[in-house]
1. Do the conditions hold for B:A137, that is, is it within 14 Å of chain A (Cβ to nearest Cβ), assigned to a helix (DSSP H, G or I) and either farther than 21 Å from B:T77 by Cβ or small (G, A, S) (or both)?
2. What residue, of B:I35, B:I54, B:I24, is modelled with pLDDT under 95 and under 24 Å from B:G233 (Cβ atoms)?
3. If I filter segment B:267-293 down to residues being under 30 Å from B:G135 (Cα atoms) and of a type in the set (G, A, S), which single residue comes out as surrounded by the fewest Cβ atoms within 10 Å (Cβ to Cβ)?
4. Among B:V11, B:V68, which is of a type in the set (A, V, I, L, M), facing chain A (nearest Cβ under 7 Å) and farther than 25 Å from B:G279 by Cα?
5. Looking at the structure I just gave you, is A:I188 outside any loop (DSSP other than H, G, I, E, B), touching a residue at least 24 places away in the same chain (Cβ under 8 Å) and either within 14 Å of chain B (Cβ to nearest Cβ) or closer than 26 Å to B:I78 by Cα (or both)?
6. With respect to B:K255, is the statement that it is in contact (Cβ under 8 Å) with a residue 24 or more places away in the chain and not in a helix (DSSP H, G or I) true?
7. Among the candidates B:A57, B:A92, B:A52, single out the residue that is in contact with a helix residue (DSSP H, G or I) (Cβ under 6 Å, 6 or more places away or on another chain) and small (G, A, S).
8. Among B:A264, B:A250, which is among the small types (G, A, S) and either buried (at least 20 other Cβ atoms within 10 Å of the Cβ) or within 19 Å of the chain's Cα centre (by Cα) (or both)?
Amino acid sequence: MTKIGVLALQGAFAEHIAILKTLGVDTTEVRLPEELDGIDGLIIPGGESTTITKLMLSYELADKIKKQALDGLPIMGTCAGMIMLAQKVDGTNHLSTGIMDIAVKRNAFGRQVDSFELDLDIPAIGDEPYHAIFIRAPKIEHAGPNVDILVKLSDDTIVAAKEGNLIALAFHPELTADNRLHKYFLDIVNKR
Amino acid sequence: MTNKDTGTFTVKAGLAQMLKGGVIMDVVTAEHAKIAEDAGACAVMALERVPADIRAAGGVARMSDPNVITAIIETVTIPVMAKCRIGHFVEAQVLQALGVDYIDESEVLTPADEAHHVNKHDFKVPFVCGCRDLGEALRRIGEGAAMIRTKGEAGTGNIVEAVRHIRTVMDEIRKIKGMPADELMSEAKLLGAPYELLVEIHKTGKLPVVNFAAGGVATPADAALMMQLGADGVFVGSGIFKSSNPSAFAKSIVKAVTHYNDPAIIAEVSKGLGAAMPGLEIKSIPEEELLAKRGW
C-alpha cells in the first residue's frame, strides 16, 4: 500500500492526513529523520515557516529530505511547505531544503485581514473551478526554466507550480473537502 | 476568475489551524518578540505586562500601547496577536486597524463589560477567547471566535487550573459525542450553549475550532502535558520571560510541544534550563483576584 509521510513538526498536518485517508492511502507523521524511511511521498503542510525551519534544522531533517528529493521522492509543499521547498525565500538562500528552482516571497498578500478565498482554474486537475484558501500566503516571484506553472491569479501572480517530483502550492488544499490536488500528487507518487 | 473573499470564517479559523502544534508566547516589547521568533514561536501575543506582573501590580490592565504593537509587527514576520479587554469592542477596532493578525479577548486584562463579550462576527480580524468549560467555549464561538483557549490561571506558573479546564472541555466533548441525539437540546440548555454547535460536536467528536491551552505553563513538561491531554497547541505567558533564561525556556518548550509524545526528547530539552518562573499556590490567591472567573 502506498505510504505518504506528512511532516508533523508544526501546522496543519492532521488535516492533510484526514484527506489522504479519504483516498485510501497509508499515512505516517514525520518528526524525526528515521520516520522518513519507507515512505513513497512526503507532504510538507501549512504552518509557520519560521517555526518549521527551526525544528527541521534542530533534528537534521532538512538534509535527509533534500537527499530523498534528489533521489526522486515526490514532495508536495503547501503554503509554509512551499517555502520549505524553495531555493530562495525573500531574496536570500533558504536554510531548509532549497530543492525547487523557485524564489518565493513570504506574506506576499499582506497580513491576516488580507487572507482570502478564491475560485481558481487549474487545468492539471480538471475543468471544475478549484476553491482555494490563502492564509498569510506566499507567492512565487520567479520560477526556473524546468518549472511548470500550474496556476496564476488574474494579475499573473504564480501560486502553484510543479518541477518534476515536486509540487508547490501557495494555498491550503488541506482546508477544503476537494481532494483533487491530493489525487494529483498521488498520481505522481504512483507513477514513480 | 471570481473576486477574492476576505474576512470569512474559513480564513479566520484557518489561521488557527496553521498555528497548531505550536507555541504562542506573551511578549511586552519588540526585543521579547525577536527572542520568541528566534526560539521558534508560531506567533507572539502583545500585551502591556506579562500576567505575573499584572497580578503583582493590581489596578486596571488595558490593551497595549499601539506604538509597542506596531514595533512588534515591524520586528517579526510571524503572526502578531494582541489582547483587548472583555467587551471592549473599540480596543478591538483599534487592534484591527493596527494590523494585528489575531485578537485575544482576554480575562487577563480588566473586563470592560461585565455582561457581554465583543460581537466578533463584526470584525475581519479573527478572535481567540478563553474558556473553563465547553459551554463557555461554545458561547464564544457563537459570538464569532475562530479559536479557543482553555484559560488556566494566568501568571501563576501553576498548571493545575489549566489541567482542570482542558480535562473539563475534553470530558464534555466525549459526553456529547456519546449522547443520544434527542438529549442534545436539554444539554444545550444546561451548558448555556448554542444547540447547533452541540449537534456539530455530536457528529464530529471535536470542537469546531482549534483549541490551545493557556494559563500556568512554566516548563517543557507542562507544555507536553497539555498536548497529551488534547490541546492543539500552547500559549505561554509569564513562563518564558519570568524564567531565569527566556531564550532557553522558549526553545525547549517549542521542542516539547512538537515531540510531546516522546519522553526522551522532553527529558533532553528539559536539562540545564535554570530556574522556571516562581509558582503560586492557587489557594493563596484571594477569590476576587482569580482571572479565570472573568468571562460570561
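1. no
2. On the way: B:I35 fails: modelled with pLDDT under 95; B:I24 fails: modelled with pLDDT under 95.
Step by step, each of B:I35, B:I54, B:I24 is checked, and only B:I54 is modelled with pLDDT under 95 and under 24 Å from B:G233 (Cβ atoms).
3. Taking the candidates together, the pick is B:S284.
4. B:V11
5. No; evaluated as a whole, the condition is false for this residue.
6. Taking the combined requirement at face value, the residue does not satisfy it.
7. Values: B:A57 fails: in contact with a helix residue (DSSP H, G or I) (Cβ under 6 Å, 6 or more places away or on another chain); B:A92 fails: in contact with a helix residue (DSSP H, G or I) (Cβ under 6 Å, 6 or more places away or on another chain).
Being in contact with a helix residue (DSSP H, G or I) (Cβ under 6 Å, 6 or more places away or on another chain) and small (G, A, S) holds for just one of B:A57, B:A92, B:A52, which is B:A52.
8. On the way: B:A264 fails: either buried (at least 20 other Cβ atoms within 10 Å of the Cβ) or within 19 Å of the chain's Cα centre (by Cα) (or both).
None of the other options fit; the residue is B:A250.
The values are calculated or read from the model by the stated rules, or taken from the named source; none is laboratory data. All values derive from a computational prediction rather than experimental measurement. We place every Cβ from the backbone using ideal geometry, glycine too, and count neighbours over all the protein chains shown.
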